[in-house]
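Taken together, the values in this text are just the output of simple stated rules run on the coordinates, not laboratory data. Predicted model only: the values in this text are computed from it and were never measured. Backbone-built Cβ (ideal geometry, glycine too); neighbour counts: all protein chains shown.
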Amino acid sequence: MEALMQGERCVNDLTTMAGCDVTTLSKHLALMKRAGLLVCEKRGLNVYYRIACPCFADFFRCIDLIGATRESNLSCAC
């Protein structure tokens with residue numbers, strides 16, 4: 001999801017970034033697509049994924065901020 005927050009990516013790029021095989025990654029992407037988190041588009045031989053709703057990126061940034069503030073015992077500024 002972190003890579004997709006930067007913009008859409010093809011499966012091959014995501015496989016390289018994740019350091020796993022394409023079968024494993026495809027299963028994870030399919031689950032996230034069924035859950036409504038991702039949308040995909042096939043272009044030629046490549047499939048491109050992107051986050052379905054821009055607010056998901058804000059949600060993930062907020063989760064990261066909560067984790068960081070808990071580690072430093074500060075209150076969340078969200």
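Quick one: angle between helix 55-71 and the longest Cα principal axis of the chain, in degrees between 0 and 90, rounded to 10, please.
Its long axis makes an angle of about 40 degrees.
Subtract the Cα-Cα distance of residue 5 and residue 40 from 0.36 nm times their separation in residues, and report this length gain in nm to one decimal.
The residue 5-residue 40 span can extend by a further 11.2 nm.
Take every Cα pair under 8 Å in the chain that's 6+ residues apart, average their separations, divide by the length, and report that relative contact order as a whole percent.
28
Could you list, bin by bin from short to long, the percent of Cα-Cα pairs of the chain in 10 Å steps?
17, 43, 26, 13, 2
Within the chain, which GluC sites (Glu not before Pro) sit in a loop by DSSP and count at most 11 neighbouring Cβ atoms inside 10 Å?
In loop regions of the chain (DSSP not H, G, I, E or B), the sparsely surrounded GluC sites (Glu not before Pro) are 2.
In deg cm²/dmol and to the nearest 500, what is the mean residue ellipticity at 222 nm of the chain if only DSSP H runs of at least 4 residues count, each as -39500 (n - 2.57), divided by the residue total?
-15500 deg cm²/dmol
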